[in-house]
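Trainee: Pasting a structure here, questions to come.
The values are calculated or read from the model by the stated rules, or taken from the named source; none is laboratory data. As the structure is a prediction and not an experimental result, all values here were calculated from the model. We place every Cβ from the backbone using ideal geometry, glycine too, and count neighbours over all the protein chains shown. Heavy atoms of the whole protein, side chains included, go into the accessibility calculation; ligands, DNA and RNA do not. Shrake-Rupley method; radii C 1.70, N 1.55, O 1.52, S 1.80 Å.
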Amino acid sequence: QVQLVESGGGLVQAGDSLRLSCAASGRTVSTYVMGWFRQAPGKEREFVAVSWSGGITYYADSVKGRFTISRDNAKNTVYLQMNSMKPEDTAVYYCAVSNPTYHIGTYYRSSDFYDYWGQGTQVTVDS
């Protein structure tokens, strides 16, 4: 079992920066895939970023060049650094973890790829 707790959400101004943290407990996740998703009110959950063990990362087109996913294995924590934030970034942000061995044939951009989810943290960007 893996428990995930997001933190760092809040209210920022457009153009500002914010860093989200996702602390994992129960098991080490250093060899697992870690992802960030977000969901705006009335909209579907969407993929934001993913980090594979070994440093491989992928991003949604909407955040590429502005957001950076990283991980600190010593702290069993994954981060999402968000720069140049826009009002359309407003959403609840969710951290997720996957053991890809259990999901052969699925895609990292899909929620079905992930085994555990945090409860989310609200991010609001004012214009």
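Trainee: Name the one entry in G105, G120 that is at pLDDT below 95 and surrounded by fewer than 21 Cβ atoms within 10 Å (Cβ to Cβ).
Mentor: G105
Trainee: What are the pairs, 6+ residues apart or on separate chains, where a residue within the stretch 88-104 that is within 16 Å of R27 (Cα to Cα) has its Cβ under 7 Å from a residue that is among the acidic types (D, E) and open to solvent by less than 40 Å² (accessible area, probe 1.4 Å)?
Mentor: From residues that are within 16 Å of R27 (Cα to Cα), the pairs are C95/E6.
Trainee: Of all residues in the stretch 87-102 being among the hydroxyl-bearing types (S, T, Y) and open to solvent by less than 80 Å² (accessible area, probe 1.4 Å), which is farthest from the chain's Cα centre (by Cα)?
Mentor: Filtering first and then ranking leaves T90.
Trainee: In addition: Identify, by number, the condition in (1) touching a Ser or Thr at 6+ places or on another chain (Cβ under 8 Å); (2) open to solvent by 80 Å² or more (accessible area, probe 1.4 Å); (3) not acidic (D, E) that V50 doesn't meet.
Mentor: Answer for V50: the failing condition is (2).
Trainee: Now for a separate question. Pull out all pairs, ordered by first then second residue, where Cβ-Cβ is under 7 Å, the residues are six or more apart or on different chains, the first lies in the stretch 106-127 and is of a type in the set (V, I, T) and part of a loop (DSSP other than H, G, I, E, B), and the second is open to solvent by 40 Å² or more (accessible area, probe 1.4 Å) and modelled with pLDDT under 95.
Mentor: T106/D112
Trainee: Of the residues that sit in the stretch 8-26 and are aliphatic (A, V, I, L, M) and over 12 Å from the mean Cα position of the chain (by Cα), which one is most open to solvent (accessible area, probe 1.4 Å)?
Mentor: Out of the qualifying residues, it is L11.
Trainee: Shifting gears a bit: Whether any residue in the stretch 12-23 is of a type in the set (S, T, Y), assigned to a loop (DSSP other than H, G, I, E, B) and touching a residue at least 24 places away in the same chain (Cβ under 8 Å) is what I want to check.
Mentor: Within the stretch 12-23, one or more residues are of a type in the set (S, T, Y), assigned to a loop (DSSP other than H, G, I, E, B) and touching a residue at least 24 places away in the same chain (Cβ under 8 Å).
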